[in-house]
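The structure under discussion appears below in the form of structure tokens.
The values are calculated or read from the model by the stated rules, or taken from the named source; none is laboratory data. These numbers come from a predicted model, not from an experiment. Note: ideal-geometry Cβ built from the backbone for every residue, glycine included; neighbour counts use all protein chains shown.
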Amino acid sequence: MIELVFVACLMVDTQHCEQRSLLFQDIGIMTCMMQGQAQLAQWSNGHPNWQIQSWKCRPHDRSIAEI
């Protein structure tokens, strides 16, 4: 499982940022890197008050996953 991890900040309060992630099955890191911007654009369309600050792809590690 691959995790697309990103930091999103409120547009009205850029000091308020949260780490978020999207999980994908059956894709590799390279595919995540190539499709990551499209996935984040889709997320942004559904969350218009937030702005993406940074992102990365990594293997999902359940031992550090947030609940």
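Among the conditions (1) modelled with pLDDT of 95 or more; (2) over 12 Å from the mean Cα position of the chain (by Cα); (3) charged (D, E, K, R), Glu66 misses just one, which is (1).
Taking the criterion of being out of contact with any Cys (no Cβ under 9 Å at 6 or more places or on another chain) and surrounded by fewer than 14 Cβ atoms within 10 Å (Cβ to Cβ), the residues of region 4-20 that qualify are Met11, Val12, Asp13, Thr14, Gln19.
Of the residues that make up region 46-59, is at least one aromatic (Phe, Trp, Tyr), modelled with pLDDT under 95, surrounded by 12 or more Cβ atoms within 10 Å (Cβ to Cβ) and not in a helix (DSSP H, G or I)? Scanning region 46-59, I find no residue that is aromatic (Phe, Trp, Tyr), modelled with pLDDT under 95, surrounded by 12 or more Cβ atoms within 10 Å (Cβ to Cβ) and not in a helix (DSSP H, G or I), so the answer is no.
Condition check for Ile27 on (1) surrounded by 11 or more Cβ atoms within 10 Å (Cβ to Cβ); (2) modelled with pLDDT of 95 or more: one failure, at (2).
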